[in-house]
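Down below is the structure, laid out as structure tokens.
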Amino acid sequence: MSAENNRYIMEKTAVFPGSFDPFTVGHEEIVRRGLKIFDRIIIAVGVNPGKREFLSTEDRIRLIRKAFADTDRISVEPYGGLTVDFCQRVRSNTIIRGLRTAADFEYERAIGQANRAMDADIETLFILTSTVHTFISSSIVRNIYENGGDITRFLPERLTTEDIRRCKEAQ
């Protein structure tokens, strides 16, 4: 393709927002499958000062970057406020959300519709979680960890229970 034609090809970037406290193998699956559709994905780690964190925002960002050390198509950034404002700031018009259950769909649909009402140019794309990951949530992973269990199987391949332990000890 000529250089002139290349100028018309725009990089397609999606935003995957969430608290990711902690980031699980289910989250990783959604991102990696999203890379089949998008050139780049920004994992937007929500900062909520009113919420008690399991891991600090900095630790979550560092661990997610470690999970995706094999690709330069993923970036990880903190954000606060409205997701649509973040999307506008990073020039993305697509939000990716993972769905595990019918209850997730109802919740995510309402948020997607609210986002669209605030900015009609922003679309929400739902990606269904594989059945093997349907039961995995950050709250379940936190509970297993807090009760002394090994959470490695619920984390991305590059992360271990020890990574989480080191973060918790440093807090």
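Read-outs throughout are calculated quantities, based only on the coordinates presented, and are distinct from any laboratory measurement. Source: prediction; values computed, not measured. Glycine also receives a Cβ, built like all others from the backbone with ideal geometry; neighbour counts cover every protein chain displayed.
For D85, are the conditions met, namely being surrounded by fewer than 14 Cβ atoms within 10 Å (Cβ to Cβ), of a type in the set (D, E, K, R) and assigned to a loop (DSSP other than H, G, I, E, B)?
In short, no.
Could you go through region 68-81 and let me know if any residue there is touching a Phe, Trp or Tyr at 6+ places or on another chain (Cβ under 6 Å) and under 16 Å from F20 (Cα atoms).
yes
Give E29, E58, E53 a once-over and let me know the one that is loosely packed, with under 15 Cβ neighbours inside 10 Å and in contact (Cβ under 8 Å) with a residue 24 or more places away in the chain.
Sole residue among the options that is loosely packed, with under 15 Cβ neighbours inside 10 Å and in contact (Cβ under 8 Å) with a residue 24 or more places away in the chain: E53.
Can you name every residue in region 27-51 that is in contact with a Lys or Arg (Cβ under 9 Å, 6 or more places away or on another chain) and assigned to a loop (DSSP other than H, G, I, E, B)?
L35, I37, F38, D39
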